[in-house]
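Structure first, commentary second.
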Amino acid sequence: MARKATTQVISDRHALPQQPYGTAYEQMLEKVRYEGAYPTRERADQAIRLVLAGLGRQLTGDERVDLAGCLPLEAARVLTAQIPDTQPLTGWAFVKDLAARTGASLATTRWDTGSVFSAVAAYADTDLITRILHQLPTGYALLFGRAELTQAA
């Protein structure tokens, strides 16, 4: 009799609709969808995966680990699944690289990047974003919605 009840619980559990993502990633999807004015969650998800994979190819060290720790699990997996490039790209080269990988226009890819980086900045504290910007070549501050500051010679 106990076995029948266990079987019933298991079959009921499988009958429940399951969300494909955790709640934190769902919230990130909604933020990116809103910020980017994307028509669907699927389009926002594509942007997140593209941009975070690209960022994962650029970040190394503690900044990479700390950022992954701030992000929802699904986003952190996309970021950390990438092997960092040996030659980091400038911000503009980053956008051009993502556009070339997808066949999208530079304007669309720049929009995607800003939308996703806006959400990333909401998960990470200001100090971490500053550390990330110090690690990356020039051009990323604007992608994160910050002024690009350069030191005087």
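The values are calculated or read from the model by the stated rules, or taken from the named source; none is laboratory data. Values in this document were obtained by computation on a predicted structure and should not be read as measured data. Neighbour counts are summed over all protein chains in view; Cβ atoms, including those assigned to glycine, are modelled from backbone coordinates with ideal geometry. Accessible surface areas use protein heavy atoms only, side chains included; no ligands, DNA or RNA. Shrake-Rupley method; radii C 1.70, N 1.55, O 1.52, S 1.80 Å.
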Would you check which residues across segment 49-93 are open to solvent by less than 40 Å² (accessible area, probe 1.4 Å) and part of a loop (DSSP other than H, G, I, E, B) and list them? 57, 58, 59, 71, 72
Condition first: of a type in the set (Asp, Glu) and open to solvent by 70 Å² or more (accessible area, probe 1.4 Å). Now tell me which residues in segment 94-147 satisfy that. 125, 127
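Determine whether residue 35 is open to solvent by less than 80 Å² (accessible area, probe 1.4 Å), of a type in the set (D, E, K, R), at pLDDT 95 or above and out of contact with any Leu (no Cβ under 6 Å at 6 or more places or on another chain).
Working: open to solvent by less than 80 Å² (accessible area, probe 1.4 Å): yes; of a type in the set (D, E, K, R): yes; at pLDDT 95 or above: no; out of contact with any Leu (no Cβ under 6 Å at 6 or more places or on another chain): yes.
The answer is no for residue 35.
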With the requirement that a residue be of a type in the set (Asp, Glu) and more than 13 Å from residue 28 (Cβ to Cβ), what does segment 74-89 give you? 85
Among the residues of segment 79-127, which ones are more than 14 Å from the chain's Cα centre (by Cα), farther than 16 Å from residue 47 by Cβ and hydroxyl-bearing (Ser, Thr, Tyr)? 86, 90, 126
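For segment 78-88, enumerate the residues that are in contact with a helix residue (DSSP H, G or I) (Cβ under 6 Å, 6 or more places away or on another chain) and not β-branched (Val, Ile, Thr). Walk me through it before giving the result.
Restricting attention to segment 78-88, the residues satisfying the condition of being in contact with a helix residue (DSSP H, G or I) (Cβ under 6 Å, 6 or more places away or on another chain) are 78-80, 82.
Correct list: 79, 82.
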